[in-house]
Amino acid sequence: MARKGAFTEGDLDDIDDLLPPSPAPVAPQPPPAAPQPIQQLPADGTEHVLVPPKAPRKTAAKTAAATADTPAKRTRTATSRARTVQSIAEAHVAAQVAEALRHLTHSEKQQRGRGRSYGEVVLDAIEEFETELRQHFQELANAKPSGRLFRRVDQTRPRRRRHTEPPVKIPLAGIIAPDIELIDNLVIDWQAGSRSALVDEALKLYLAEQIATLTAEELDDEAGKAD
């Protein structure tokens, strides 16, 4: 005997009424926006607009300063300083002459408040003993070895001067460039051999009294040490 189902065919037609309704399709939601920074208002209630920071810009002055100190400029500066230092003419004189010159200028500063520079003393010495200097060097240039016909030595070349002590280099400060050039021309005209030879001889004549005093003091010191 066939078993009868719980529902008849007519009952199945109403099954949709018994089921709950299908939910409506949900539209996709856009992604949430990024949270905005919280802006706090100052106590006075005024609102400030937040401006993003900008990268610092180099000013024209800073750029010029950065590019100014270049190796090329440093080289030019060093060369300029070297030229300034080398622009002061020099001469080598005997140790006693240099000492007498130092005593003279120091004494003038104490008495007058301002003493002459080394260069000014040299100019005064050459001007005062011009005749003696010309004659001295011309005699040396024309001198010949005793008993010989020929000179055998070129007197126009700088002569090697002999000193009991090493010569001392003195700056000819206070002499302008044209006067230095004139001194060098006198060296050629008088056949002095070198600028140092001319300056040394001029100061020996001009500072003869001071040199004699220093020599006497040195002899007295040596005698005192011997006793």
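The residues packed around Ser107, meaning those with a beta-carbon under 13 Å from its beta-carbon, carry a net charge of +2 if Lys and Arg are +1 and Asp and Glu are -1.
A simple packing score, the average count of other Cβ atoms within 10 Å per residue, orders the peptides 97-103, 175-181 as 97-103, 175-181, with the highest score first.
Length gain on complete extension for the stretch Leu219 to Asp184, per 0.36 nm per residue less the alpha carbon to alpha carbon distance?
Values: separation 35, 0.36 × 35 = 12.60 nm, distance 3.61 nm.
Computed gain between Leu219 and Asp184 is 9.0 nm.
Readers should treat all values here as calculations from the given coordinates under stated rules, not as data from a laboratory. Since this is a predicted model, take the numbers as computed values, not measurements. Virtual Cβ from ideal backbone geometry, glycine too; neighbours counted across all protein chains shown.
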